[in-house]
Amino acid sequence: MTAAPSTPQDPQNIVIVGNGQAGIQLVDSLRKEGYAGTITVIGEETHFPYQRPPLSKDFMAADKEPKPLPLRAEKFFTDNDVDSRLGVRVTAIDRAGHTVSLSDGSRVGYTTLVLATGAANRELNVPGSGLEGIYGLRTLADAEAVHARLDTVRSVVVIGAGFIGLEFAAAARKRGLDVTVLEYADRPMARALSPVMGNWFAQAHRNMGVDLRLGEGIASFTGDDSGHVAAAVSTTGDTYPADMVLVGIGVIPRTELAEQTGLAVANGITVDSAMRTDDEDIYALGDCANYPSHHAEARTRLESVQNATDQARHTAKSILDTHDGGRDYTELPWFWSTQGDLRLQIAGIAHPEDETVLRGNPDDGKFSVFCFRSGRLVAVESVNQPADHMAARRVLSQGRTLTPEQAADPEFDFKTYSKAAAAGV
Amino acid sequence: MAKVSFHHNDGSVDVLDVDPGTSLMRAAVTNGVAGIVGECGGQAMCATCHVYVRPEYLDGLPEISEDEEEMLECTADPRDEDRSRLGCQIKAGEGFDEIEVDVPASQI
């Protein structure tokens, strides 16, 4: 059907660019919401869609030839009557013509287009970055290459003390390897964690035997005669032997298609609270999308499974106009990272200036940091304290709070309080 | 190999032969068993692989860890104090050769 582009088209041909967590959940949600039109999902990797989070955790710990965890069963696409294109890239979007062009020369028409393009690893560009033995970790191909090396190396240098870098560092340490982590900031996971929790993790990694160098970025790599990395030189001039290097310095949202076609982009593809871009027939969600966040009290872009899947559920309703409440996306962000025996969980979004209150004793190896803004609870970071995390999710999801005194008081039954909140009491 | 049966509310059942060491969650997701999600990839972080183990198979299963215990408090469908488990924490061959579970109506 060719509609005048002044009103959104009725969804009949939905094209989804990207088959990761967001794209696949969107397929699922569209069918569950009763959508009976066509769905085409395009993914640039050749593998059947798989889950990324295990790649830096169980996958690295495994003994031999670990297998990826698929996002769904092999028959998911046929069962749901979905046209799945693997190993193909979208090269351009024609908004007026409502088509996308693919790298195999074909074109696909859409009534509704969804960009679930995710993010790409930030590249390192210091002298020596091109040496062999320097890896990123994002795709299954990356993970297989890295895993294969782990049995053959002695010394590992990790660039970046973010989630990926530290998950990998812990796994490498568990294998008995010498692990050095170079981090430019003065504490690990500085972007996401309160200083008190970040500093605790720094010590915890050191207790594991990781040589964590804070305030030291990477300056250059040196190699051997065969063009393979041999050492990493930091910004303080120190040299660390490196049989292999893992670079984990963050990701950049994949916005190139959106930019190319003139959609608004600012730290990701700009969408409204329904996940819609400034083109009424185009949506964006997940790692690539910048949305108005109720919890951050600002526009934000989150990199997490929860964000991808909750936004996918929301986007399906937006496309099909089946929201039974408002169209505003208000799902509580939450996140986890497993670094060896350290299980970090975060509920909500904290700002650096938030007031923090400890619950429990850090020396016990399990405690939480409650973050307050203008007297209200906004986030809770927990390590090895799942009860606090789940209680925080209940409380924050209901828009409820507690006092800093209650948070700090071990006699205060946070769990029971949270269950009452969840029950609307 | 362990024989794992997933019983659904409509009376249908998926019966799988599962390699030792593979969790019920992974077996379900890989084989498209309806109603098991496993959103966190098996880390006991999301409670979307909740199953009700049939009573005759409860003995011999590994103890519920603190992490699993907390997640079981957050399942979408009500927790059964005896039967509820996370599918990602039960691995084929660890305490059983055969197991039957009922799949909850919802996981989210």
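Some points to look at:
- Test result for residue A:305, more than 25 Å from residue A:28 (Cβ to Cβ) and not charged (D, E, K, R): no
- For the range A:255-269, the set of residues classified as surrounded by fewer than 21 Cβ atoms within 10 Å (Cβ to Cβ) and either within 20 Å of the chain's Cα centre (by Cα) or under 28 Å from residue A:156 (Cα atoms) (or both) consists of A:256, A:265, A:266, A:267, listed by residue number.
- Only a single item in (1) within 8 Å of chain A (Cβ to nearest Cβ); (2) touching a Gly at 6+ places or on another chain (Cβ under 9 Å) is not met by residue B:67, and it is number (2).
- With respect to the stated conditions, residue A:202 is buried (at least 19 other Cβ atoms within 10 Å of the Cβ) and either at pLDDT 95 or above or among the aliphatic types (A, V, I, L, M) (or both).
- Residues located in the range A:188-203, provided they are within 20 Å of the chain's Cα centre (by Cα) and under 21 Å from residue A:302 (Cα atoms): A:188, A:189, A:190, A:191, A:192, A:193, A:194, A:197, A:198
- Residue list for the range B:58-108, filter: closer than 14 Å to residue A:386 by Cβ and assigned to a loop (DSSP other than H, G, I, E, B): B:64, B:65, B:73, B:74, B:75
- If the condition is being over 21 Å from residue A:195 (Cα atoms), of a type in the set (Gly, Ala, Ser) and more than 13 Å from chain B (Cβ to nearest Cβ), then the range A:374-420 contributes A:399, A:420.
- Which listed residue, of A:226, A:220, is in the same structural domain as residue A:185 (by TED's automatic domain parsing), not β-branched (Val, Ile, Thr) and not in a strand (DSSP E or B): A:226
- Some residue of the range A:139-156 being in a strand (DSSP E or B), buried (at least 18 other Cβ atoms within 10 Å of the Cβ) and out of contact with any Cys (no Cβ under 8 Å at 6 or more places or on another chain): yes
- Residues in the range A:71-88 that are exposed (fewer than 15 other Cβ atoms within 10 Å of the Cβ) and more than 25 Å from residue B:36 (Cβ to Cβ) were compared, and the one that is nearest to the other protein chains (Cβ to nearest Cβ) is A:83.
- Per-region count, the range A:72-98, residues in contact with a Phe, Trp or Tyr (Cβ under 7 Å, 6 or more places away or on another chain) and modelled with pLDDT under 95: 1
- Residue identified as hydrophobic (A, V, I, L, M, F, W, C), touching a helix residue (DSSP H, G or I) at 6+ places or on another chain (Cβ under 9 Å) and either free of Cβ contacts under 8 Å to residues at least 24 places away in the same chain or away from every other protein chain (no Cβ under 14 Å) (or both) among A:284, A:308: A:284
- Set A:78, A:40: member being farther than 27 Å from residue A:151 by Cα, free of Cβ contacts under 8 Å to residues at least 24 places away in the same chain and not assigned by TED's automatic domain parsing to the domain that holds residue A:168: A:78
The values are calculated or read from the model by the stated rules, or taken from the named source; none is laboratory data. These numbers come from a predicted model, not from an experiment. Note that we place each Cβ from the backbone using ideal geometry, even for glycine, and neighbour counts take in every protein chain shown.
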